[in-house]
Amino acid sequence: MRINIVFKTALVAVFLCAGIAHAEIPAGYYSSLNGKKEAELKTAIYNLVRNFTLVSSYSALPSYFQRTDVYPESRRWWDMYSDIPFYAPSFSGLNREHSFPKSWWGGLTDVSAYVDLNHLYPSEAAANMAKSNYPLGEVNTNQNVKFQNGITTVGYPMAGQGGGAQYVFEPADEYKGDFARTYFYMVTCYQDLTWKYFYMVSQNTYPTLTTWAANLLLKWHREDPVSQKEIDRNEEVYKIQNNRNPFIDYPDLAELIWGNKVGQPFDASTSSTPVGEPNLITPVQDMSLDFGQVAIGKTTTAKLWFKGENLTSSVNLTVYTGDNTYFTVPNKSISASLINSNDGYWITMTYAPQQIGQHQSRLLIQGGGVPGSRGIQLLGECFEIPTLTAPTATEATDITQTSYVANWIPVDGEVVDYYYINRTQYKDGKASSSQILAEEPGTLIEDFDFSDNETYTVQSVRLGYVSPESNLISVKRSGVYDVAADNPWAIDNIPGGIRIMGPSTVHDIRIFDAAGRLVMVIETAEPYTDIYLPAGAYIVTAEKSVNPVKAIVR
């Protein structure tokens, strides 16, 4: 079954008065799903949509949102989390929101999920903070509601929902289907990820959604059918990153995989191309390949997917017009067999600007036995090499047993793409380091419960260049007052010795061998002091340390 269209809010009428635009699904795009059902169907969708053209950068998302998430006539941001009016191109007051929480899979452990426009939306900052990484659900309004702004509600879940989470996030009725179809896409496109949180998912490729989650999302999917907003957005996302949300194009896919049509095979009976005729499924006319921003002297790349059926000859590629000397295609032609194959064929193009400014050109695609030609827009922008100053880290706030908010003061007037929060976590006398990408000061750290205490510094990033580190901030869990929390320190193993780790000077270090004999005393050691020892097992203590630390030297 193809889409049933509904409209969202009176504002939609502003740009629909000229008539309803239906989705033009590329002929043959879904042919690989034909005849498949249940787990096999879900995996076929995964194979179809999992590889796509990544957007140029996380920091560039607002520029893409201007194509996917604004009311065209008013330029008001289409925010599914609040009704506060914000207008493009300014992104002030908004966040880049992962509607499917990035902490559920570990954020940057999968770059494609981190920047996938199919689940990224603009969100008002306070609503984004309030929804945190809570699962979708229906809020029990008979209990105290944690957050409510007329669009977003956060509170205790109704019985049987939440998957063990304390709170759930409930969107407005007009967006419940949007979020349901977004989640259907995510648990299918990323069915191969290793999950860290299991509120709505299980560690399997089918059905991936837990029973309560599937039931809730199917209910929202049925009650709030596909809207023109979703159709238009799906088309724009496809032109940017070369893949689609199948659950918008074919809503019945959700029923075939999780719902009341499980066991029935899929049939994509919408192809307008005669059987056996040459067909270049993708790229389509007027898609764009955006290389983003780059510093002078640097190069960057972007990928474009070619998929076809019954092509009879090679497809020829030519970069022409505009700043064509800055854009390079690796192949002048691609064989029909590669494009006709089940996996299609990816090309990786290069942008190497030689002067500062905005640049554009076009990629001309011809041949394959397909009449005519297609043009793909190539975009890039070049800047001077940035000079970055270290931001000033400030004390953490809202500290609980499991989370805290990391804060810092940006350098006034400095353009920044994003920030790195460099964390050192201390657990059982051992130190581990990690790095989190953050948009702005006031970033919520959600896994504080995996350490006894920790420290953080901050760095700003622009065009791949990184500032010096900020000052060091130490964070202690609320309500923990023992001396170990007040004096965090640890050791790290290095070849032939150990390294002292900690946010400050460590005093009266004593090292004992496996027989209990004192082999070394060090009165004072600064963080990152290396101590070399013969191979063997040792016990290390320090002033005011509650627990000794075991070390193995190799």
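The values are calculated or read from the model by the stated rules, or taken from the named source; none is laboratory data. Model, not experiment: these values are computed from the prediction. Because the Cβ atoms are built from the backbone with ideal geometry, glycine has one as well, and the counts that use them run over all protein chains shown. Calculation scope for accessible area: heavy atoms of the full protein, side chains included, ligands and nucleic acids excluded. Shrake-Rupley method; radii C 1.70, N 1.55, O 1.52, S 1.80 Å.
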Nonlocal amide H pairs with E446, under 5 Å, H built at 1.01 Å: none
Taking only DSSP H segments of four or more residues, each worth -39500 (n - 2.57), what value at 222 nm results for the chain once the sum is divided by all its residues, to the nearest 500 deg cm²/dmol? -5000 deg cm²/dmol
Remind me, relative contact order of the chain in percent, using alpha carbon pairs under 8 angstrom and six or more residues apart? 11 percent
Using θ = phi - 60° and the Karplus form 6.51 cos²θ - 1.76 cosθ + 1.60, what ³J(HN,Hα) does each residue of the range 507-522 get, whole Hz, x for Gly and Pro? 10, 6, 7, 10, 10, 10, 7, 5, 8, x, 7, 6, 10, 7, 10, 10
Counted charge near Y190, where neighbours are those whose Cβ lies closer than 9 Å (Asp, Glu -1; Lys, Arg +1): -2
R362's amide H: which non-local residues (gap 5+, or another chain) put their own amide H closer than 5 Å, with H modeled 1.01 Å from N in plane and none for Pro or chain starts? Y320, L378
On average, how much area does the Cα convex hull of the range 314-365 cover when viewed from any direction, in nm²? 3.8 nm²
Which one of T301, Q241, W220 is farthest out on the positive end of the charge dipole of the range 176-314, using unit charges on Cβ (Lys, Arg +1; Asp, Glu -1) and the Cα centre as origin? T301
How much length would be gained if the chain were fully extended between T389 and T205, taking 0.36 nm per residue of separation minus their Cα-Cα distance, in nm to one decimal? 61.7 nm
Roughly how far apart, in whole Å, are the Cα centres of the range 175-241 and the range 35-80? 12 Å
Row for the range 36-146, column shape: gyration tensor on C-alpha, a ≥ b ≥ c, rounded if a/c < 1.5 i.e. under 1.5, prolate if a/b over b/c, else oblate; value oblate
Long-range amide H partners of W346, meaning residues 5 or more apart or on another chain whose placed amide H is closer than 5 Å, are F306
Length-normalised contact order of the range 110-159 in % [C-alpha pairs under 8 Å, at least 6 apart]: 29 percent
Whole-angstrom gap from the range 291-329 to the range 82-109, using each part's C-alpha centre: 30 Å
Using a 1.4 Å probe, what is the accessible area per residue for the chain, in Å²? 43 Å²
Under a plain spin-label model, where a point goes 7 Å from the Cα along Cα-to-Cβ, how far apart in nm are F512 and S341? 6.3 nm
Summarise the long-distance tail of P(r) for the chain by giving the % of C-alpha pairs beyond 29 Å. 61 percent
Excluding residues on the same chain fewer than 8 positions from K430, give the aspartates and glutamates whose Cα lies under 19 Å from its Cα. D447, D449, D452, E454, D482, D486, D492, D508, D513, E526, D530, E543
The answer for the longest stretch of the chain without any exposed chymotrypsin sites (Phe, Trp or Tyr not before Pro) (DSSP loop, at most 10 further Cβ atoms within 10 Å) is 1-480
Going by Cα centres, the range 403-437 and the range 501-554 are how many Å apart? 27 Å
As I understand it, the dipole of the range 363-434 uses +1 on the Cβ of Lys and Arg and -1 on the Cβ of Asp and Glu, about the Cα centre. Which of Y418, G429, P391 lies farthest toward its positive end? G429
Angle in degrees between helix 211-223 and the longest Cα principal axis of the chain, rounded to the nearest 10: 40 degrees
Could you give each residue of the range 166-175 its phi-based ³J(HN,Hα) in whole Hz, using Karplus coefficients 6.51, -1.76, 1.60 with θ = phi - 60°, and x for Gly or Pro? 5, 10, 10, 10, 10, x, 5, 3, 5, 10
Restricted to the chain, the DSSP antiparallel beta bridge percent, nearest 5, is 90 percent
Residue (of V201, Q166, T211) at the positive-pole extreme of the range 114-213, dipole from beta-carbon charges: Q166
Provide Rg and Dmax in Å for the range 158-278, with only Cα atoms included in the calculation. 15.8, 56
Can you tell me the length gained on complete extension of the stretch N51 to T350, counting 0.36 nm per residue apart and subtracting the Cα distance? 105.8 nm
Tail weight of P(r) past 15 Å, computed on alpha-carbon pairs of the range 340-392, percent: 69 percent
Before anything else, pin down the relative contact order of the range 209-272: Cα pairs under 8 Å, at least 6 apart, normalised by residue count, whole percent. 25 percent
Of the listed links K229/K261; K37/K176; K219/K307; K146/K427; K146/K176; K219/K261, those spanning more than 24 angstrom between alpha carbons are K229/K261; K37/K176; K219/K307; K146/K427
Using θ = phi - 60° and the Karplus curve 6.51 cos²θ - 1.76 cosθ + 1.60, what whole-Hz ³J(HN,Hα) does each residue of the range 340-356 get, with Gly and Pro shown as x? 6, 5, 4, 8, x, 8, 9, 10, 10, 8, 10, 10, 10, x, 10, 8, 6
With charges only on Cβ, +1 for K and R and -1 for D and E, what is the dipole size of the chain about its Cα centre, in debye, rounded to 20? 1060 debye
